[in-house]
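Note sheet for the following structure.
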Protein chains: 4
Amino acid sequence: LADRISLATLNDATLDDFAAALDGIFEHAPWVAAAAFEARPFATVTALHDAMMQAVLIRAHAEQIAFIRLHPDLAGRAARAGTIAPASVAEQAGLGLDQLSDEEYLRFERLNTAYGERFGFPFVVCVRRLTRAAILDAFERRLGQEPESELKTALAEIGYITRLRLAEQIEGPGAPTVTGQLTTHVLDIHGGGPAADVLVELYEIGPAARSRLTEVVTNADGRTDEPLLFGAPLRMGTYELIFHVGAYFARRGLDLPPQPFLEHVPLRFGISEPEGHYHVPLVLTPWSYSTYRGS
Amino acid sequence: LADRISLATLNDATLDDFAAALDGIFEHAPWVAAAAFEARPFATVTALHDAMMQAVLIRAHAEQIAFIRLHPDLAGRAARAGTIAPASVAEQAGLGLDQLSDEEYLRFERLNTAYGERFGFPFVVCVRRLTRAAILDAFERRLGQEPESELKTALAEIGYITRLRLAEQIEGPGAPTVTGQLTTHVLDIHGGGPAADVLVELYEIGPAARSRLTEVVTNADGRTDEPLLFGAPLRMGTYELIFHVGAYFARRGLDLPPQPFLEHVPLRFGISEPEGHYHVPLVLTPWSYSTYRGS
Amino acid sequence: LADRISLATLNDATLDDFAAALDGIFEHAPWVAAAAFEARPFATVTALHDAMMQAVLIRAHAEQIAFIRLHPDLAGRAARAGTIAPASVAEQAGLGLDQLSDEEYLRFERLNTAYGERFGFPFVVCVRRLTRAAILDAFERRLGQEPESELKTALAEIGYITRLRLAEQIEGPGAPTVTGQLTTHVLDIHGGGPAADVLVELYEIGPAARSRLTEVVTNADGRTDEPLLFGAPLRMGTYELIFHVGAYFARRGLDLPPQPFLEHVPLRFGISEPEGHYHVPLVLTPWSYSTYRGS
Amino acid sequence: LADRISLATLNDATLDDFAAALDGIFEHAPWVAAAAFEARPFATVTALHDAMMQAVLIRAHAEQIAFIRLHPDLAGRAARAGTIAPASVAEQAGLGLDQLSDEEYLRFERLNTAYGERFGFPFVVCVRRLTRAAILDAFERRLGQEPESELKTALAEIGYITRLRLAEQIEGPGAPTVTGQLTTHVLDIHGGGPAADVLVELYEIGPAARSRLTEVVTNADGRTDEPLLFGAPLRMGTYELIFHVGAYFARRGLDLPPQPFLEHVPLRFGISEPEGHYHVPLVLTPWSYSTYRGS
């Protein structure tokens, strides 16, 4: 991040420098930066992004559609061939969308074709905000929308994409929150205190398979030292936490049956706001548990 | 069950008829029925079983071990060859122990060998009370026991086996409870009432795989019309209920995100008392749930 | 209840006998029974009541108001003087409305006057469905309604009053549910089973004071042998259950501090549907508890 | 607190200055400071206190009893007459023990007499750690102890008293925690987020009456800006939080009955560790709630 440009520098830049600094944030659309240039100075990075988005949102539908058409297909031929914008390459690669099996590639191709025929522009989604399974879900759900709603959705996704790019390239006050966090807490209401040293696994749940993202161990306060996906973006999708509570209660020396009522407790939940805070605690005894979306 | 003999008939029978009627309850041990004969009449089927077990329990350890030795290996060569007692055949077949893969057969063979070397008698377990995975767990756990404890455990298992056989063959008052039940209840504390029409799946969880046992739909009271494994024995083991609550809340018309917090809620729990009542309710909102072992 | 008339008898009765049998159900309104007579025969007691109410509901507003005017003031001069219909006397006496303090009498008088001035008819409420505190709440709330809504509410209350009277005097199939029930259940999720021998007190909560209605002790299943107000009507109002859990955990021999976290657990709740089933369980450990409106 | 002496100053002081600085911490026992002087320097205030207590704990029982005898009776004649140590005066006055009714005074006098007869020394308790009701409970409970246990309890109480006094008079690293805190959190699992603007009252519960300590309103995170008894010591005793949830749900615009299931939710709990953190959350819907001792 050493090469980030400061907001103050941008505010003082000439139009050429301003446009050059923001090149690539909105793909193939230098007019966006040019329009935003008029609104200087910006108090916050968020205000700069709002001004850039505004330049898009005031256009007529036909112009917006023409603008969206400049985006590449998701996981499409261009991505395979590597002939898309460098930022798009990195974003799609983060989910492995550049390395699909032939079967997956065909599924995306079918969806891309159906979507293009229905709406006249490619499917745009901010891939850093979703798991692979959630992208496919969104793809199918959005195929069923009315064209006008879908146009709004596509522009909102461009808003997410460009906000993330801007936050990476420009430093300054009022940077947007670009990722939320996932935390947990294990409270033992049998013993009357936090449950320490509980192994917790985190899985991402796909339609056919699950993949293990991380494992952590609770500290003396029953929490984890860092949020659960610290350092990686939180993505819209379905997750499962597995708490190894049988081993915990065994260490406490409770007299439980060899086949205890609770051994591995799964909590399966969806994340729909990747910028939000998801606190998913486990309040438990050897004979019960509860969870909730906390704050 | 038309051929069951009544306890009254047994109470009035000659020694020969009494012994004939109880032949096969305790394998290869006609002396058990002969000893119990002395204690007639029996007020209940349970009292008859107690008297028969007593005949075993008063014997010296060496005699008890000789008696246990007459039982076949579990999933062993004799079971494969079909040369074990008919009741044993049926019991082992109920879990598919007569149709193991070569790999599973070798695992059982290794365990049988280790067990026989350590204790001097075959591994006896009441297979109708356990899932296949629970049998392997129990096998490994019991291998680690002290010989005296293991002798007690083996005789207790013979108690379970013979109690089940007796309950099937003798009718009369005071029949022992031979199987418990599993029930659930879905309560929607967002709406303030029972959750009807919720699809609930039940799985048995093995070490490597899970198998789907049944699916039910909750009725207007949020319960199921029958217990969840009605008609089959409840077995010691690990289970998972999956509640399809996303579809339920969608039908209620709540304004939830496309990726709801709760879509499929898994409750994973162990059953250690196959004769007990396991009530495993789900108390839920779109943002929380709790469960407990109820009654 | 030996003198109840059967629905079958009513269905075969002459108009005179029919009207005589139903005299007093709708106060001072023999035309109600006469109108219902035309709709014979009735398959259920509820159908008979529906027909009688229909005779009222089809009238013009002016006639309905004239009909309501024939009802006595609640806790008014007539009730004090004993010059109201016998059924009204008993109903008002059930709440002690015939024995008010001077202060309470004045409060009712003020409300009666204000209500009469606003709506032109006396305040009618089915007193058997409410606690005294709930009646005062309802009185004040209804004073704020629009006249048309209040007319509907008053007729609905007459519906409740006459339904109860009918259920007492006529026997036959399809009798309406005239009272709900209140049940509880104490589940100890520390021990993993029902909590037996827990003392539970039930209070009615008024604005200034609380009155103790009953106390019960949980049985081996953690429930009470009878619903909590068995034999008395469930009334709309505010209630509190107090569970003596400190003594229960002490008997279990748990090592808890001299000042335990939970000693007496109060659950305070409102009943708004006196014909409903209110199941209010307590799921607890020494360090936690939860409750919900169950079913 | 401007006059507090620093631990560094104490560590460098002469015996006379050291003893003078600590005068009054242990009542009428200058030998305690003198003994501790030998153990200088102290890294922490807690280490200083430990050294002072050690000087007491190594004495023979008879000497310890003689030392305890120098303490005044609780709420006794001396306290009424004002002839006790200044620190004691302030501590007893904090609970109003200097202004008892005649009846309360007689009850304390009876307890003081019985205690003195049984143990040969006055009842000592760290009054800043208990509510008035909890002091009476502790008095009665300790009267039933064995003399040896009670001697230990009395010395432990002197430990609490002197630790508080020391923390007030000496500043430096490692000051002991002298008071815990009480916090709450209201989570609305119907709406899926924190419940803001909920009025919460806190009461102290005595055997006969309750007294209102404070009221707060939850902030946007469902918490309170300060702990609930911020600025005052947390005392062992029984408390009740009353959450005004009916008004909260009404503001959310939910369609609930005029007599809602939950209007004022009481959570009654005991505090046994005045130095601990008591987090007592309310997790609620209009139809349910739960609480637990959190962390």
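Mean sequence separation of contacting Cα pairs (under 8 Å, at least six apart), scaled by the length of chain B, corresponds to a relative contact order of 17 percent. Once the Kirkwood radius over Cα pairs is known for region B:16-77, the Stokes-Einstein relation at 25 °C and 0.890 mPa s delivers a diffusion coefficient of 196 µm²/s. Peptide B:265-276 is shielded by partner chain Cβ atoms: per residue, an average of 4 of them sit within 10 Å of its Cβ.
With the label put 7 angstrom out from Cα along the Cα-to-Cβ vector, D:Arg252 ends up 1.2, 3.0, 3.0 nm from the copy partners, going from closest to farthest. Scaling against 2.2 N^0.38 Å puts the C-alpha radius of gyration of region D:1-47 at 1.08. For region C:1-158, the Kirkwood estimate of hydrodynamic radius, built from reciprocal distances between every pair of different alpha carbons, is 16.9 Å.
Each distinct pair of alpha carbons in chain A adds a 1/r term; the inverse of their mean, the Kirkwood radius, is 21.6 Å.
Helix A:132-143 and the longest principal axis of the C-alpha atoms of chain A enclose an angle of approximately 50°.
Considering only Cα atoms, the convex hull volume of the protein assembly as shown works out to 302 Å³ per residue.
3J(HN,Hα) along region D:254-263: 6, 8, 10, x, x, 9, x, 4, 10, 10 Hz, from the Karplus curve 6.51 cos²θ - 1.76 cosθ + 1.60 with θ = phi - 60°, whole Hz, x for Gly and Pro.
Each helix, a run of at least 4 DSSP H residues, gives -39500 (n - 2.57); summed and divided by the residues of chain D, these come to -12000 deg cm²/dmol at 222 nm. Here the translational diffusion coefficient of region A:109-213 follows from Stokes-Einstein with Rh set to the Kirkwood radius across Cα pairs; for 20 °C and 1.002 mPa s it amounts to 124 µm²/s. Between copies, the label points of C:Pro41, set 7 Å from Cα on the Cα→Cβ line, lie 5.3, 9.4, 10.6 nm apart, reported in increasing order to one decimal in nanometres. Shape class for region D:115-164, computed from the alpha carbon gyration tensor (a ≥ b ≥ c): oblate, with a/c not under 1.5 and a/b at or below b/c.
The DSSP beta bridges internal to the protein assembly as shown are antiparallel in roughly 75% of cases. Axis-proximal residue of chain C for the rotation onto chain B, reported as residue and distance in whole Å: C:Ser290, 3, based on Cβ position.
Most simply put, chain A has about 75% antiparallel DSSP beta bridges, counting only bridges with both residues inside it. For peptide D:170-176, the mean count of partner chain Cβ atoms within 10 Å of a residue's Cβ comes to 0.
A 1.4 Å probe over all protein chains sorts A:Ile205, A:Ile242 by accessible area into A:Ile205, A:Ile242, starting with the largest. Of the residues B:Asp102, B:Asp50, B:Asp188, the one that moves most in a GNM of chain B with alpha-carbon contacts below 10 Å is B:Asp102. With springs only between Cα atoms under 10 Å, which of C:Leu284, C:Leu254, C:Leu95 fluctuates most in a Gaussian network model of chain C? Among C:Leu284, C:Leu254, C:Leu95, the largest GNM mean-square fluctuation belongs to C:Leu254.
Relative to the longest principal axis of the Cα atoms of chain D, helix D:102-119 runs at roughly 50 degrees.
Classified by the C-alpha gyration tensor, region D:166-244 has an oblate form. Its axis ratio a/c, with a ≥ b ≥ c, is 1.5 or above, and a/b does not exceed b/c. Using only the Cα atoms of region A:142-295, each taken as one equal point scatterer with no solvent, compute I(q) by the Debye sum, divide by I(0), and report log10 of the ratio at q = 0.13, 0.17 Å⁻¹. Ignoring solvent entirely, the Cα scatterers give -0.71, -1.01. Computed from Cα positions, the angle between helix A:147-169 and the longest principal axis of chain A comes to roughly 80 degrees. In the elastic network of chain C, a GNM with C-alpha springs shorter than 10 Å, the most mobile of C:Leu234, C:Leu164, C:Leu15 is C:Leu15.
Per residue of A:280-286, other chain Cβ atoms within 10 Å of the residue Cβ number 4 on average.
The values are calculated or read from the model by the stated rules, or taken from the named source; none is laboratory data. Worth saying up front: this structure is predicted, and the values here are computed from it rather than measured. Note that each Cβ is placed from the backbone with ideal geometry, even for glycine, and that neighbours are counted across all protein chains shown. Side chains are part of the model used for accessible areas, which takes the heavy atoms of the whole protein and leaves out ligands, DNA and RNA. Shrake-Rupley method; radii C 1.70, N 1.55, O 1.52, S 1.80 Å.
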